[in-house]
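Engineer: One structure, as structure tokens, below. Some questions next.
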Amino acid sequence: MDRNSISQIRKELESCIGKRIQLKANKGRKKTIIREGIIENAYPSIFTVSFENEFNSPRMVSYSYTDILTHTVEVKIIPGNLNNVAL
């Protein structure tokens, strides 16, 4: 696993903190979820995303940078923001 790629992914996600994103996660066995949320924070090993559910209570979910590197998770910035970056 290339260490520079993980640090580059982390830097790109750190610049997107507070922005609305669309997250597509592969949960295995043909189970894929697509949700919209806000990137809350980027830590050294993981990043956190806050989702709203049908009960209007926020749900915090964490993913690792290797999930993006292995294409288990795809993150897209929602076009309403100035930066339209796909990771």
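Engineer: Please enumerate the residues belonging to the range 15-53 that are more than 11 Å from the chain's Cα centre (by Cα) and of a type in the set (D, E, K, R).
Structural biologist: Hits for the range 15-53 are K27, R29, K30, K31, E52.
Engineer: Can you pull out every residue in the range 18-51 that is in a strand (DSSP E or B) and among the aromatic types (F, W, Y)? Reasoning before the result, please.
Structural biologist: Just the residues of the range 18-51 that are in a strand (DSSP E or B), to begin with: 20-28, 31-42, 46-51.
Of everything in the range 18-51, those that are in a strand (DSSP E or B) and among the aromatic types (F, W, Y) turn out to be F47, F51.
Engineer: Has the range 5-17 got at least one residue that is part of a strand (DSSP E or B), surrounded by 13 or more Cβ atoms within 10 Å (Cβ to Cβ) and either out of contact with any Phe, Trp or Tyr (no Cβ under 9 Å at 6 or more places or on another chain) or at pLDDT below 95 (or both)?
Structural biologist: Quick first cut of the range 5-17, residues part of a strand (DSSP E or B) only: none.
No, the range 5-17 contains no residue that is part of a strand (DSSP E or B), surrounded by 13 or more Cβ atoms within 10 Å (Cβ to Cβ) and either out of contact with any Phe, Trp or Tyr (no Cβ under 9 Å at 6 or more places or on another chain) or at pLDDT below 95 (or both).
Engineer: Now for a different question. Are there any pairs, at least 6 apart or on different chains, whose C-beta atoms fall under 7 Å, with the first in the range 16-31 and within 16 Å of H71 (Cβ to Cβ) and free of Cβ contacts under 8 Å to residues at least 40 places away in the same chain and the second β-branched (V, I, T) and surrounded by fewer than 15 Cβ atoms within 10 Å (Cβ to Cβ), and if so, which?
Structural biologist: K27/I33
Engineer: Does any residue of the range 63-84 turn out to be modelled with pLDDT of 95 or more, surrounded by fewer than 14 Cβ atoms within 10 Å (Cβ to Cβ) and closer than 20 Å to I6 by Cα?
Structural biologist: No, the range 63-84 contains no residue that is modelled with pLDDT of 95 or more, surrounded by fewer than 14 Cβ atoms within 10 Å (Cβ to Cβ) and closer than 20 Å to I6 by Cα.
Engineer: Could you please find all residues in the range 44-63 being in contact with a helix residue (DSSP H, G or I) (Cβ under 9 Å, 6 or more places away or on another chain) and over 14 Å from C16 (Cβ atoms)? I'd like the intermediate steps shown before the answer.
Structural biologist: Just the residues of the range 44-63 that are in contact with a helix residue (DSSP H, G or I) (Cβ under 9 Å, 6 or more places away or on another chain), to begin with: 44-47.
Within the range 44-63, P44, S45, I46 qualify.
The values are calculated or read from the model by the stated rules, or taken from the named source; none is laboratory data. Computed from a predicted structure; not experimentally measured. Every residue, glycine as well, gets a Cβ built from its backbone with ideal geometry; the counts of neighbours run over all protein chains shown.
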